[in-house]
Amino acid sequence: MSFHTERYPQRKEYTILSSISVIFMIFILTVAFSYKLMTVLLLSSLLIFTLVIVIFTYRFFNFRRIKEELLRIGKTSEKLSEDEKRMKIIKARFFFFLLLSSPLVMLLFFDPITWTSLVVGLMGGVSLGNLFFSLYVRTWEHQNNLTLYKYVQDVGKGLIEQGIIAYRKRKK
């Protein structure tokens, strides 16, 4: 039986990477503004705004569904069979592949200005959506004196249990 935990909703390394992506996005948008490239600004801003709303809202409603259980019991979990686990991994890899390959595919269909706008908007929207959700979860943790961790545990017989554990912070 194995047991693995990591910080919820994302590890510190991902937060740093998202922050770097946001800084890069701000730099590109600043350069676009200084050269009066309104197409880049408008298209990127629209995509960023849309992705931030979609990503944050999706994660917010999933978290809202489980936060009462975390406060009451201190844990939320689900058991997955090998097939369910495999499908979850396939979906995650497909989304990751789509995220990485979309800029390359877009090169075939868009001019460089539009392509730059879409890539900056994609990077910025995903990164900002994740950062805003992480900030929301950290604020919620602080208000409830908790620390959240994702966990995955092999419970045997082809079953995997995964979920979120809430630990009370010690008072100083």
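Here the chain is assigned +1 on the Cβ of each Lys and Arg and -1 on the Cβ of each Asp and Glu. Its dipole about the Cα centre then comes out at about 840 debye. A simple count of charges around Leu131, restricted to other residues whose Cβ falls under 12 Å of its Cβ and scoring Lys, Arg +1 and Asp, Glu -1, yields +2. Think of the chain as having a plus end and a minus end, set by charges on the Cβ of Lys, Arg, Asp and Glu; of His142, Phe132, Ser45, His142 sits farthest toward the positive end of this dipole. Helix 12-34 and the longest principal axis of the Cα set of the chain meet at an angle near 20°. For the chain, relative contact order (Cα pairs under 8 Å, six or more residues apart, normalised by length) works out to 44 percent.
By the helix-only formula, in which each DSSP H run with n ≥ 4 contributes -39500 (n - 2.57) and the sum is divided by residues, the chain has a 222 nm mean residue ellipticity of -25000 deg cm²/dmol. Charge tally around Ile73: other residues with Cβ under 13 Å, Lys/Arg +1 each, Asp/Glu -1 each, net +2.
Shown for the chain: lysine pairs separated by 8 or more places, or found on different chains, whose C-alpha atoms are under 13 Å apart, numbering 4.
Taking the longest Cα principal axis of the chain as reference, the axis of helix 38-72 is set at about 10 degrees. Assign one of three labels to region 1-105, namely rounded, prolate or oblate, based on the Cα gyration tensor with a ≥ b ≥ c the square roots of its eigenvalues; rounded applies when a/c is under 1.5, prolate when it is not and a/b is larger than b/c, and oblate otherwise. The shape class here is prolate. The slack between Tyr14 and Phe97, meaning 0.36 nm per residue of separation minus the straight C-alpha distance, is 28.1 nm. Principal-axis analysis of the Cα atoms of the chain puts helix 112-144 at an angle of about 30° to the longest axis. In terms of the mean number of neighbouring beta-carbon atoms within 10 Å, the peptides 3-10, 84-91 order highest first as 3-10, 84-91.
FYI, it's all coordinate maths here, none of it is from the lab. All values reported here derive from a predicted model rather than from experimental measurement. Neighbour counts run over all protein chains shown; Cβ positions are idealised from the backbone, glycine included.
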